[in-house]
Amino acid sequence: MSIEEIMQQAVLAAAEYSQFDQSGTDAIVKAVFEAAFDQRIRLAKMANQETGIGKWEDKVIKNVLASQIVYEDIKDQKTVGIINDDKETGIVEIAQPMGPILAIIPVTNPTSTTLFKILIALKARNPIIICPSKKAVNCCSETAEICYRAALAAGAPEGCIQWLTTVTREQTAALMSHPSMALILATGGPGLVKSAYSSGTPAIGVGAGNVPVFIEASADIRFAVDQILESKTFDNGTVCASEQAVIVEKAIATEVKEEFRKQGAKILNPDETLRLTRIAVDPQTGLMNPDIVGKPVQLIAELAGIAVDDGIRLLVAPLDGVGSDFPLSSEVLAPIIGYYEVANFESGLRTCIRLNYNGGVGHSASIFSNDEEKILYFSMHMNAGRIVVNTPSSQGAVGAIYNRLSPSLTLGCGTGGKNITTDNVTAKHLINILRIARRRPNQRFAAIDKSLYFNEEVNADIIQKKYNHNV
Amino acid sequence: MNEYHIDNQKLTCVFYGRLDTLGSQAVDAELSAKLDASVQEVVFDLKEVAYISSSFLKICLKTVHNTGSNHFSIVHVSPGVLKVFQIANLNHLIRINE
C-alpha cells in the first residue's frame, strides 16, 4: 500500500472508532491483550532470533509487562466520553480520541513495544500504524497481525492496526509529516526522535538514558549488588533504564567489589577496561557500538580479548572520570557497567550528577540507601523522570513490577531529554481532553471595585485587604 | 430495510440503523444493483442512521468517485454522523446537507 492508502485507511478507521462507547472499546482492548498474551513466548523467541539481541526468556517477561501488566493498569481507566465531573469547580472533562498514531518501534524491545503501543492506542480509540526497526520487521509484523485479528474479531474498525512490512527512511518521514497523522510515539535513537519532533506532527518521544546507581553507605550491600545484577543482565542490558554506572563510597567499596565478584561480575583491570572501551564505543561518534548491544558477556569479552569464566554475567569497568575522555561513562546497552569509587556521599552525588548530565538528562536514576534524608537529597539533585529506590532500575523504571509507576515502554524524559513529559507514557496521554466550564464566578473579582485596578497607587496587597475587609 | 427510490434519474437511498461492516456490505451490494447508466444523481439519506463504519465511508468515496462530486450528496445527517465525516476528512469531497 502507498502512504496515501495507509493514511486513508487509518483516517476512516479513526472516524469509525470515534463512535465507540467505553464498553465496546474495552472489549477490543481485552481481546487484543488475551491474544497477545497467548503468543508471548513465540513472539519473544521470534524477536530474539530475528534481532540477535537479548535473551528470549527476558523478552517473554517484557511481553508480559507489555500485555498483561499494561492491560491490568489501563482496563478500568475511563477513556471515552465523560471521564471526570467535578461539581465543585463545574469542570466536566470529556475524552476524545486523537486520530491516527504512528508508532516507531526500536530493535531492542520490538514485540513488547509493539504490543504496548497497540494496547494504549486502542484503549484511547486511536488507530495505529506500526513502523518497526528494519532489523525487526518480521516479529513486529507478526505481533501487529495477531493483535489486529483479535481486534477485528472483537468488533474493531477495519484498518485500526496497520504495519509496515518494508521500512525506508523516506516512507517513515512521509508518514511522520502526513497532515492526517495525529501523533507520533517515537521510541528510538536521538536522530529518529529528533526527526519525529521536526516533522510538524505532535510527538511523544523518549530521550537517551545514562542511569547512575548510587550504593550509598547505609545500603544493604548484598541486596544492592543482587538487584543491580538482576537489572543490568536482564535481556543483556537492553533496557534504556538499566544502570550504566555504579557509584560506591570508599568506606564500603571493598565489600561491594567482593559482593560483585561473588555474584558473578568480573571487575576489570585498567588494560581490560581499555580493551572493552575500544569495542564498546565508536571513537568517532562516542556512541555505543550497535554490534555489542544486547549481546552476552562471553561474546563481548571475546571481542575485547578479555578472559572470563563461564559463570560471569556482568563486566564492571572502573573509571576515573565522566565525559568524552571516558567513553564507557556514556550509555551502553549491554551487560557492561562503569564503576566509580568516591570519598563520601557528597562526592558520590557529584559523580551521579555528572553522569546524569552526560547524555541521560531526564531519564532515570537509582539509589540504594536506608537513609531517607540522603534518598531525598539525592533525588532533589537528579534530573530524572523516575528515581528508583532500592530497586533494579530496568524493571523499576518501567513501572508496576517494583512500584506503582504506570507500566510503560515509553519513558518520558522531560524537556532535558527534549520530551514534553517526564511521565511513563500510557493511554491517558493519547486522548484529547475537552473541558466544559460551568459558570463559577471568581468571588474576589466579582466583589472588588474594578476602578481600583485602574489606580496605579493600588498594589496587590491593597486589593487583598479590600477583599478581606469585613463591612 | 434500506429503501431506494429512483425519480427522474435521481437515486435516493434511505438507510436505517447501524451501518456497520456487515450492514455496509449489504448496502454495497444493493447499491451496485441499483446504479446503472440511467442514474445521473445519487442522494444518501441518513436521517435514521446513528452509526457508520469505515466500510460505509468507503462506499461514499466510491460513489462520489463514480458520480462526480456535483452529482452526489448526503442529507439529513445527525450531529454525531456529521462529526464522523469531518474526522474522516470527507467533508471536502462530499456535499453534506442537513
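The values are calculated or read from the model by the stated rules, or taken from the named source; none is laboratory data. This one's a predicted model, so the numbers in the text were calculated from it and none came from an experiment. Cβ sites come from the backbone with ideal geometry, for glycine too, and all protein chains shown count toward neighbours. For the accessible areas, the whole protein counts, side chains as well, though only heavy atoms, and no ligand, DNA or RNA atoms are used. Shrake-Rupley method; radii C 1.70, N 1.55, O 1.52, S 1.80 Å.
Assorted remarks:
- All of (1) open to solvent by 20 Å² or more (accessible area, probe 1.4 Å); (2) within 18 Å of B:LEU11 (Cα to Cα); (3) in contact with a helix residue (DSSP H, G or I) (Cβ under 9 Å, 6 or more places away or on another chain) hold for B:LEU93 with one exception: (2).
- Test: residue in the range A:63-82 that is within 14 Å of chain B (Cβ to nearest Cβ), open to solvent by less than 50 Å² (accessible area, probe 1.4 Å) and within 24 Å of A:GLU158 (Cα to Cα): yes
- Hits in the range A:264-297 (condition: in contact with a Leu (Cβ under 8 Å, 6 or more places away or on another chain) and among the polar types (S, T, N, Q)): A:THR273, A:THR277
- Within the range A:192-232, restricting attention to residues that are open to solvent by 50 Å² or more (accessible area, probe 1.4 Å), of a type outside the set (Phe, Trp, Tyr) and in a helix (DSSP H, G or I), the residue that is farthest from A:ALA365 (Cα to Cα) is A:SER198.
- Between A:ALA343, A:ALA307, the distinction of being touching a residue at least 40 places away in the same chain (Cβ under 8 Å) and surrounded by fewer than 19 Cβ atoms within 10 Å (Cβ to Cβ) belongs to A:ALA343 only.
- Hits in the range A:84-129 (condition: open to solvent by 10 Å² or more (accessible area, probe 1.4 Å) and hydroxyl-bearing (Ser, Thr, Tyr)): A:THR89, A:THR108
- Counting only strands (runs of 3 or more DSSP E) that sit wholly inside the range A:95-177, those with at least 2 residues that are within 14 Å of chain B (Cβ to nearest Cβ) are A:161-163.
The rows are residues; the columns are (1) out of contact with any strand residue (DSSP E or B) (no Cβ under 9 Å at 6 or more places or on another chain); (2) at pLDDT 95 or above.
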site: A:PRO392; (1), (2): no, yes
site: A:GLY399; (1), (2): no, yes
site: A:HIS429; (1), (2): no, yes
site: A:PHE454; (1), (2): yes, yes
site: A:ASN468; (1), (2): yes, no
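- All positions within the range A:134-158 that are of a type in the set (S, T, N, Q) and either in contact (Cβ under 8 Å) with a residue 60 or more places away in the chain or open to solvent by less than 10 Å² (accessible area, probe 1.4 Å) (or both): A:ASN138, A:THR143
- Residue pairs meeting the criteria (Cβ under 9 Å; at least 6 apart or on separate chains; first touching a residue at least 24 places away in the same chain (Cβ under 8 Å), in the range B:74-95; second of a type in the set (Phe, Trp, Tyr) and open to solvent by 10 Å² or more (accessible area, probe 1.4 Å)): B:GLY80/B:TYR51; B:VAL81/B:TYR51; B:VAL84/B:TYR51
- So B:GLY68, is it over 11 Å from the mean Cα position of the chain (by Cα) and within 19 Å of A:SER18 (Cα to Cα): no
- Of all residues in the range A:245-256, those satisfying the criterion of being open to solvent by 10 Å² or more (accessible area, probe 1.4 Å), touching a residue at least 24 places away in the same chain (Cβ under 8 Å) and closer than 16 Å to A:PRO318 by Cα are A:GLU249, A:LYS250, A:ILE252, A:GLU255.
- Against the criterion of being in a helix (DSSP H, G or I), surrounded by fewer than 19 Cβ atoms within 10 Å (Cβ to Cβ), touching a helix residue (DSSP H, G or I) at 6+ places or on another chain (Cβ under 6 Å) and modelled with pLDDT of 95 or more, A:ARG275 qualifies.
- Residue match in the range A:266-273 (condition: of a type in the set (S, T, N, Q) and over 23 Å from A:VAL361 (Cα atoms)): yes
- Residue match in the range A:388-398 (condition: part of a loop (DSSP other than H, G, I, E, B), touching a Pro at 6+ places or on another chain (Cβ under 8 Å) and not charged (D, E, K, R)): yes
- Scanning the range A:19-34 for residues that are in contact (Cβ under 8 Å) with a residue 12 or more places away in the chain, in contact with a Gly (Cβ under 9 Å, 6 or more places away or on another chain) and either facing chain B (nearest Cβ under 9 Å) or β-branched (Val, Ile, Thr) (or both) turns up just one, A:ILE28.
- Within the range A:321-346, tally of residues that are outside any strand (DSSP E or B) and within 23 Å of A:VAL308 (Cα to Cα): 8
Listed here are the residues, each with its yes/no results for (1) touching a residue at least 12 places away in the same chain (Cβ under 8 Å); (2) surrounded by 12 or more Cβ atoms within 10 Å (Cβ to Cβ).
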| site | (1), (2) |
| --- | --- |
| A:LYS418 | yes, yes |
| A:ASP423 | yes, yes |
| A:ILE431 | yes, yes |
| A:ILE436 | yes, no |
| A:PRO441 | no, no |
| A:ALA446 | no, no |
| A:LYS450 | no, no |
| A:PHE454 | no, no |
| A:ASN459 | no, no |
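- As a summary of the residue check, A:LYS374 satisfies the conditions (1) touching a residue at least 40 places away in the same chain (Cβ under 8 Å); (2) out of contact with any Phe, Trp or Tyr (no Cβ under 9 Å at 6 or more places or on another chain); (3) open to solvent by 50 Å² or more (accessible area, probe 1.4 Å) except for the one numbered (2).
- Any hit, the range B:9-22, residues being touching a residue at least 12 places away in the same chain (Cβ under 8 Å), open to solvent by 70 Å² or more (accessible area, probe 1.4 Å), within 15 Å of A:SER18 (Cβ to Cβ) and touching a Phe, Trp or Tyr at 6+ places or on another chain (Cβ under 9 Å): yes
- Considering the range A:282-303, and only residues there that are more than 23 Å from the chain's Cα centre (by Cα) and open to solvent by less than 30 Å² (accessible area, probe 1.4 Å), the residue that is farthest from A:PHE326 (Cα to Cα) turns out to be A:VAL297.
- Condition met for A:GLN49 (over 21 Å from the mean Cα position of the chain (by Cα), away from chain B (no Cβ under 14 Å) and in a helix (DSSP H, G or I)): yes
- In the range A:233-244, the residues that are open to solvent by 10 Å² or more (accessible area, probe 1.4 Å) and among the aliphatic types (A, V, I, L, M): A:VAL239
- Qualifying residue in the range A:347-356 (condition: outside any helix (DSSP H, G or I), open to solvent by less than 40 Å² (accessible area, probe 1.4 Å), over 22 Å from A:VAL239 (Cβ atoms) and modelled with pLDDT of 95 or more): no
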